[in-house]
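K.L.:
I'd like to ask some things about the structure below.
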Amino acid sequence: MHNKVILLVEDNPRDEALTLRALKKSNIVNDVIVAHDGVEALDYFFREAASGESEKVMPQLVLLDLKLPKLNGLEVLRRLRATESTRRLPVVVFTSSSEEEDMLKSYELGANSYVRKPVEFEHFLEATKQLGLYWLVLNEIVPD
């Protein structure tokens, strides 16, 4: 994979802007595609494939919020793991939820990591930087 794309699934405009700013400030220059709800996220993966149009770039990383409109993040994760083409895709649940049940369910459904979004920008910046460095630089993905 030559173009390491990040799919950010986030409905909160403030968190979207913070994440994009933190990635940029951390010198993570990958293309970021934003889906604003669960349906839009699944459409990114499955709409064109079903219609026979050209394939989109498979993201190197999905940053997935849980509390999403239309279709929640846990259901998005369930469907990604149920499909052969997305089963091994790195998915990091990046959420403000501190509910233990959300964390347990995320891991049960196959999340690769669960990260609570820090409230303070400097901590948010550092968490985003570490996520980017690990998942986009250090982590080796299964070849297509």
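The values are calculated or read from the model by the stated rules, or taken from the named source; none is laboratory data. Please read all numbers here as calculations on a predicted model, not as lab measurements. Please note: Cβ atoms are built from the backbone with ideal geometry, for glycine as well, and neighbour counts cover all protein chains shown. Just so you know, the surface numbers come from the protein's heavy atoms only, side chains and all, with ligands and any DNA or RNA stripped out. Shrake-Rupley method; radii C 1.70, N 1.55, O 1.52, S 1.80 Å.
K.L.:
Being of a type in the set (S, T, Y) and in contact with a Gly (Cβ under 8 Å, 6 or more places away or on another chain) is the filter here, so list the residues in region 1-45 that pass it.
P.N.:
Residue satisfying the conditions is S26 alone.
K.L.:
Here is a follow-up. So, in region 76-122, of the ones that are open to solvent by 20 Å² or more (accessible area, probe 1.4 Å) and acidic (D, E), which residue ends up nearest to P59 (Cα to Cα)?
P.N.:
Applying the filter and picking the extreme gives E84.
K.L.:
Pick from region 1-44 the residues that are acidic (D, E) and part of a helix (DSSP H, G or I): which of them is most open to solvent (accessible area, probe 1.4 Å)?
P.N.:
E40
K.L.:
Please work out if R47 is in contact with a Leu (Cβ under 6 Å, 6 or more places away or on another chain) and in a helix (DSSP H, G or I).
P.N.:
When the stated conditions are applied, R47 does not pass them.
K.L.:
So, of the residues in region 128-144 that are under 14 Å from the mean Cα position of the chain (by Cα) and of a type in the set (A, V, I, L, M), which turns out to be farthest from F94 (Cα to Cα)?
P.N.:
Top of the filtered list is L136.
K.L.:
Hand me the list of helices (runs of 4 or more DSSP H) wholly inside region 62-144 holding 1 or more residues that are touching a strand residue (DSSP E or B) at 6+ places or on another chain (Cβ under 8 Å), aromatic (F, W, Y) and at pLDDT 95 or above.
P.N.:
In region 62-144, the matching helices (runs of 4 or more DSSP H) lie at 100-108.
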